[in-house]
Structure formats: C-alpha cells, structure tokens
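K.L.:
A single structure is presented below for examination.
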Amino acid sequence: VDTTLCVGCRYCMIACPFQIAAYEYDDPLMPRVMKCTFCYEYVKKGDLPACVKVCPMEVMTFGKRSELLKLARKKIEHHPGRYVDYIYGEEEVGGTSWLYLASQPFEKIGFPRLGKLAPPRITEGLQHGLYKYLWAPLTLYVVLGGIMWASEFFGEKRSFKVKGPKGSGHEKGGKQ
C-alpha cells in the first residue's frame, strides 16, 4: 500500500480475498491501510524477509516470482507424490505475490477458490466513474443547498414586513 496515496477508503481491504490488508489506527489523523511488505527494509540490504529467516521447517523461499514459479514446477515434477500438481497463487485473482505448494487439494486445507480476475478489475469502472463524475454534481448540490438555506434564513428576517388584507389585523401597526 502506497501510504503517500492512500486515502483510507478501505477498498483494498474489501477486495483482498485473503483479508490481509489491515487498518492501522496509530495516527488518528492519518489512519492507513497496511499489509506485508516482504520486509522491504531487509531485502533492500540484501537480507531475507523475517518470516523466511525464522521459519523452523525452512519451507519458505523468497525470490523473484518467475524464479519461484520455475522452482515450484521442478518440485512438482521431481516429487509428484509429495505435491498436488497445482501452484496456488499463480493465476488466482490475477496472480498473487505468495505462491503455495501443498500435498492436498487447496480447498481441503482452507484456501478459498478464487477466479483469475482480480477483484479491483471488476469494480474499478464504477469507482473511477464515481470519483471522476461525482464531484461536479455534489458541488452543485452543496451550492444550491447553501443558497436555499441562505434565502430561507434571511427571508425569515424580512417576513415581519409582509402585510395581509385590510382589516385582518395583520397590517403593521394594525389591531390584534
């Protein structure tokens, strides 16, 4: 999540099929959505992400996606009885940053069945249309509402000068 662009709309939280993105309330004036950054600070220095370094079973591997896909295919090919012939995350929701191999079908171990199209692609037309075309009418409604309020507010102050029909007792200074 690019914190310089994030406005806190939480669309990414809704779109994430894995419920990874989380809302941080550390700064009440500028809350932001955060998710795993693969320990960018460590990787920038040539180190591995913390989860890969501390994994006691050494089952996690970090690297470029293309290299990880090649490695996953080799593992499946060399150990057909150990792994299901499927790389979870290769095509799900447009391809994920995490890739998984398993010895059982992924549905059996709780992975969601996902389509190939990323959820933001489904709704981006609506979202962009709302943001692009909503501001002009919204501004117009606010301005018109302000004019209506002002005319009503200032109109009430002038209403004391209104005269009714003669003899009705509503004339200024008339009988009550």
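K.L.:
List pairs: first residue in the stretch 73-96 and on the phi < 0 side of the Ramachandran plot and among the hydrophobic types (A, V, I, L, M, F, W, C), second residue outside any loop (DSSP other than H, G, I, E, B) and surrounded by 11 or more Cβ atoms within 10 Å (Cβ to Cβ) anywhere in the structure, Cβ distance under 7 angstrom, at least six positions apart or on different chains.
P.N.:
Note: pairs meeting the criteria are 87/69; 87/72.
K.L.:
Do any residues in the stretch 119-139 that are part of a helix (DSSP H, G or I) have Cβ atoms under 9 Å from those of residues that are among the hydroxyl-bearing types (Ser, Thr, Tyr) and surrounded by 10 or more Cβ atoms within 10 Å (Cβ to Cβ), where the two are at least six apart or on different chains, and which pairs are they?
P.N.:
120/11; 123/11; 127/11
K.L.:
Within the group 17, 31, 49, which residue is more than 15 Å from the chain's Cα centre (by Cα) and more than 16 Å from residue 102 (Cα to Cα)? Let's see the steps before the verdict.
P.N.:
Details: 17 fails: more than 15 Å from the chain's Cα centre (by Cα); 31 fails: more than 15 Å from the chain's Cα centre (by Cα).
The unique qualifying residue is 49.
K.L.:
Could you please tell me which pairs satisfy a Cβ distance under 7 Å, a separation of 6+ or placement on different chains, a first residue in the stretch 15-36 that is farther than 16 Å from residue 94 by Cβ, and a second residue that is in a strand (DSSP E or B) and among the hydroxyl-bearing types (Ser, Thr, Tyr)?
P.N.:
From the stretch 15-36, the pairs are 31/23; 33/23.
K.L.:
Yes or no: residue 107 farther than 24 Å from residue 123 by Cα, in contact with a Lys or Arg (Cβ under 8 Å, 6 or more places away or on another chain) and free of Cβ contacts under 8 Å to residues at least 12 places away in the same chain?
P.N.:
Values: farther than 24 Å from residue 123 by Cα: yes; in contact with a Lys or Arg (Cβ under 8 Å, 6 or more places away or on another chain): yes; free of Cβ contacts under 8 Å to residues at least 12 places away in the same chain: yes.
Yes; evaluated as a whole, the condition is true for this residue.
K.L.:
While we're on this one: Tell me yes or no: at least one residue of the stretch 89-105 is among the β-branched types (Val, Ile, Thr) and within 30 Å of residue 44 (Cβ to Cβ). Full working, then the answer.
P.N.:
Residues of the stretch 89-105 among the β-branched types (Val, Ile, Thr): 93, 96.
From the residues that got through so far, the ones that are within 30 Å of residue 44 (Cβ to Cβ) too are 93, 96.
Checked against the condition, which is being among the β-branched types (Val, Ile, Thr) and within 30 Å of residue 44 (Cβ to Cβ), the stretch 89-105 yields at least one hit.
K.L.:
Identify, by number, the condition in (1) over 25 Å from the mean Cα position of the chain (by Cα); (2) part of a loop (DSSP other than H, G, I, E, B); (3) of a type outside the set (Gly, Ala, Ser); (4) at pLDDT 95 or above that residue 90 doesn't meet.
P.N.:
(1)
K.L.:
Out of the stretch 93-109, which residues are in a loop (DSSP other than H, G, I, E, B), touching a Gly at 6+ places or on another chain (Cβ under 8 Å) and buried (at least 16 other Cβ atoms within 10 Å of the Cβ)?
P.N.:
96, 99
The values are calculated or read from the model by the stated rules, or taken from the named source; none is laboratory data. Every value quoted in this text rests on a predicted model; they were computed, and no experiment measured them. Ideal geometry is used to build each Cβ from the backbone, glycine not excepted, and the neighbour counts take in all protein chains shown.
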